[in-house]
Every structure is written in C-alpha cells, then in structure tokens.
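Trainee: Handing you a structure now.
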Amino acid sequence: MKEYVWNLSDLEKVQKNGYKVFSCFSCGGGSCMGYKLAGYEIIGNCEIDKKINDMYLSNFKVKYNFCMRIQDLIYQDLPKELYDIDILDGSPPCSTFSTNGKREKDWGKEKYFREGQEKQVLSDLFFDFIRIAEKLKPKIVVAENVKGLILGNAKGYVNLIIKEFDKIGYEVQIFLLNAANMGVPQKRERIFFICRRKDLNLPEIKLSFNEKPILYKEFKDSNYTPMNKDTLEYKRWLKRKPTDLSIGDIVKRTENGKISCFSHKIIKDNQTPLTQTAGDPFIRYDVPGFISEKDIKTIQSFPQDYNFRGQNASYVCGMSVPPLMIKKIAVEIQKQLLDKIGELK
C-alpha cells in the first residue's frame, strides 16, 4: 500500500503518542490530518469560513471548534486545556506573498481572502497568529507558508516575525522543504517556522528529507474529465510539446510571446506533478482532459474518502498543507523535541 494513498478510517489504527495540537487557519484540515497520521490528538481548530469549517467537522471531530476570525479568538475566554499545549499549528493565508501574485502592491491592504468572507489585511495575519502563541504559550509553534515569504523584500517581513517570536519567548528555525522529497507525489516548496519555547531549553531540530520523487504514472487514475473541443484551451492543447509545462508555455511559444494561462499546468506520466494550486486543475498531456478528483486527492496526499461537501476539491487541496508533509515533520518534532522535554526535567 502506498503511504500517500489512505483513508480516514486508517487514522483509527494509528498509535497515539499522547501529544496534543491546536490548529489555526485549519481550512480542510490538511495539517490536522498530518498530525493525526503521526499519532497526535487534534483537540481544537479555528477557521473563519463557515462552509469550510462545516466540511472540516464532517471529516473529523475536535473537542474545541472556533468558527471565527483569529483576531476574535485572541480575546476569547479559552479552555485551560489549550494553554501550554504541545503544538500550536497554523498556516496564515499567504496569497500576498506568493510569487504568482502582486506581492508588495497588496501588502498592508484589506482584501477578501475568499468570497463570502469579510476583508482582512492578509499580511497582518501572521502577527495575529503570534498573539495567539503569546496567549496560549505552546511548547512548539509550527507555521507553514509560501516560498515567496523568504524572497526579495519579504525577507524584512520574516525578520519581523522572528523578532516578534523572540519577544514572546521563542527561538525560531526556518526550513524550506519540498513535498516531493517527503513522500508526497507533488513538487511543492513551502517554508516552515519551527519555534521552540525558550524556557524548555530544547535543542535545535534537524529536518532533512530525501525520499525518491513519485511520478504521475505510478498512481494515475484511468478516469478524467474531457475538455470541450470547442474551447480555445483544447485548440492550444493540440499544439503541446514534451517541453511544455503549462498551457501558458504553449501560448508563449505559438502566439508571438503572449503571456497567459501559466496556472493551467500540464501533467505528464514521467514527471512528478507540479504544485497543486487552488482552483487550477491539472491538464493531462496524454489525453485532452482534466485529472480526476481521485488524482487531485492523491497528489495532495488527502484521504481517498475525504468528504468535500460540495466544495471544489482542487480549491480545498490547493489551499491545504499535504497531510503526509506534516506527518513527516510531526514525527521529527516528537522524536527530537517533545520527547526530550521529559528527559531534560
């Protein structure tokens, strides 16, 4: 059985390690499922989007559920069980730092992260997350974000994050990790802040993953959604070459250097799938069609029986952390950090 192909029912077979996690910006529960796969208990979550939160709860239950803005969570009278928790987890929405976005032009501006939500200053959410850490004083804080956060002018933003964590008593390590080296069938580079509470005197953690990349042909579903042959996208697909990674490459090569459609990625049998993004499904190279929902779940290492409750699978998976990626990190946090706490006392 492939490690990245699994079902929610498999979580019942995982041996518990006794450690507890609270997750902010939980979305579809990608990181939560990763901790569960590593033996942790998810005792609570915070998610602003009601529909997404309902979907989250339909897939697994938590003791404490907060469907609200993280800014409001800061002022909540929270249960004692959430204080001094083992891990505070969070993936603050990061679109303003993505290399695919407007980056600096959107920093400090109020934006809708998703239709139906109220406006928020997305570049401030990481600091709101730090305020939660200051309140709950977890032993370890794990924060995931896009690679763009450590590029260009955003490096100054990262320095501010490190300083804020230092002020509230945490030592910070930053890792750039690729899911393709961690057993996930997807090239997905993300940075992880691993923050250790200073009073625990824990050693620095070492994270290095070198698993063999997984090719699309190793799990490709026979089903797919055919393209409409009357569309411009189909006509462009017909002009594909083995070197094309997206419809955008075809457009640039055949339409006098025109720049468009680079988010419409092409997936090939002998390659590891590129980063799965929200709402942009992969287009198959071998047949004129979009990959199946089964492939979407597999590429993100989501459980095969995940209930999206009518939500777009590509959106949910693209917005989530691959569970298997978090599992590999969580296992190392237990071995190298949390298990050491008892030994150091």
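Trainee: Run down Phe219, Phe209 and say which single residue is in contact with a Ser or Thr (Cβ under 6 Å, 6 or more places away or on another chain), of a type in the set (A, V, I, L, M, F, W, C) and either at pLDDT 95 or above or surrounded by 14 or more Cβ atoms within 10 Å (Cβ to Cβ) (or both).
Mentor: Of the residues listed, the single one that is in contact with a Ser or Thr (Cβ under 6 Å, 6 or more places away or on another chain), of a type in the set (A, V, I, L, M, F, W, C) and either at pLDDT 95 or above or surrounded by 14 or more Cβ atoms within 10 Å (Cβ to Cβ) (or both) is Phe219.
Trainee: Restricting to region 250-261, name every residue that is closer than 24 Å to Lys217 by Cβ and either touching a strand residue (DSSP E or B) at 6+ places or on another chain (Cβ under 7 Å) or open to solvent by 40 Å² or more (accessible area, probe 1.4 Å) (or both). Don't jump to the end; show me each part of the working.
Mentor: Residues of region 250-261 closer than 24 Å to Lys217 by Cβ: 250.
None - no residue of region 250-261 is closer than 24 Å to Lys217 by Cβ and either touching a strand residue (DSSP E or B) at 6+ places or on another chain (Cβ under 7 Å) or open to solvent by 40 Å² or more (accessible area, probe 1.4 Å) (or both), so the list stays empty.
Trainee: Still on this structure, I have one more. Filter region 37-91 down to residues that are aromatic (Phe, Trp, Tyr) and over 24 Å from Val184 (Cβ atoms) and give me whichever is least open to solvent (accessible area, probe 1.4 Å).
Mentor: The residue in question is Phe66.
Trainee: Is it the case that some residue within region 195-203 is crowded, with 16+ Cβ neighbours inside 10 Å, basic (Lys, Arg), in contact with a Gly (Cβ under 9 Å, 6 or more places away or on another chain) and closer than 30 Å to Asn145 by Cβ?
Mentor: Here is the first cut: in region 195-203, the residues crowded, with 16+ Cβ neighbours inside 10 Å are 195-197, 200, 202.
Restricting the remaining residues to those that are basic (Lys, Arg) gives 196-197.
Remaining after also requiring in contact with a Gly (Cβ under 9 Å, 6 or more places away or on another chain): 197.
Now narrow it down to the ones that are closer than 30 Å to Asn145 by Cβ: 197.
Within region 195-203, one or more residues are crowded, with 16+ Cβ neighbours inside 10 Å, basic (Lys, Arg), in contact with a Gly (Cβ under 9 Å, 6 or more places away or on another chain) and closer than 30 Å to Asn145 by Cβ.
Trainee: Could you please find all residues in region 127-162 being closer than 14 Å to Ile74 by Cβ, more than 20 Å from the chain's Cα centre (by Cα) and part of a helix (DSSP H, G or I)?
Mentor: We begin by selecting, within region 127-162, every residue closer than 14 Å to Ile74 by Cβ; these are 127-137.
Going one step further and asking which of them are more than 20 Å from the chain's Cα centre (by Cα), we end up with 131, 134-137.
Result: Arg131, Glu134, Lys135, Leu136.
Trainee: Restricting to region 172-194, and then to whatever is touching a Lys or Arg at 6+ places or on another chain (Cβ under 9 Å) and within 19 Å of Lys137 (Cβ to Cβ), can you tell me which residue is surrounded by the fewest Cβ atoms within 10 Å (Cβ to Cβ)?
Mentor: Ranking the candidates gives Gln173 first.
Trainee: Within region 309-328, can you find the residues that are surrounded by fewer than 20 Cβ atoms within 10 Å (Cβ to Cβ) and touching a residue at least 60 places away in the same chain (Cβ under 8 Å)?
Mentor: Of everything in region 309-328, those that are surrounded by fewer than 20 Cβ atoms within 10 Å (Cβ to Cβ) and touching a residue at least 60 places away in the same chain (Cβ under 8 Å) turn out to be Arg309, Gln311.
Trainee: Looking only at strands (runs of 3 or more DSSP E) that lie completely in region 163-278, which have at least 3 residues being touching a residue at least 60 places away in the same chain (Cβ under 8 Å)?
Mentor: Passing ranges, in order: 189-197, 224-226.
Trainee: Ok, one more. Here's a check for you: in region 142-164, which residue that is touching a Lys or Arg at 6+ places or on another chain (Cβ under 8 Å) and of a type in the set (A, V, I, L, M) is least open to solvent (accessible area, probe 1.4 Å)?
Mentor: Of everything passing the filter in region 142-164, Ala154 is least open to solvent (accessible area, probe 1.4 Å).
Trainee: Give the residues of region 278-315 that are closer than 29 Å to Ser9 by Cβ and of a type in the set (Ser, Thr, Tyr), sorted by residue number.
Mentor: Correct list: Ser292, Thr298, Ser301, Tyr306, Ser314, Tyr315.
Trainee: Can I ask one more? If we scan region 286-298, do we find a residue that is among the β-branched types (Val, Ile, Thr) and either touching a Cys at 6+ places or on another chain (Cβ under 6 Å) or open to solvent by 40 Å² or more (accessible area, probe 1.4 Å) (or both)?
Mentor: Filtering region 286-298 for residues among the β-branched types (Val, Ile, Thr) gives 287, 291, 296, 298.
Narrowing the set further to residues that are either touching a Cys at 6+ places or on another chain (Cβ under 6 Å) or open to solvent by 40 Å² or more (accessible area, probe 1.4 Å) (or both) leaves 296.
Scanning region 286-298, I find at least one residue that is among the β-branched types (Val, Ile, Thr) and either touching a Cys at 6+ places or on another chain (Cβ under 6 Å) or open to solvent by 40 Å² or more (accessible area, probe 1.4 Å) (or both), so the answer is yes.
The values are calculated or read from the model by the stated rules, or taken from the named source; none is laboratory data. Just so we're clear, the structure is a prediction, and the values are computed from it rather than from any experiment. FYI the Cβ positions are ideal-geometry reconstructions off the backbone, even for glycines, and counts take in every protein chain you see. Ligands, DNA and RNA are excluded from the accessible area calculation, which covers all protein heavy atoms including side chains. Shrake-Rupley method; radii C 1.70, N 1.55, O 1.52, S 1.80 Å.
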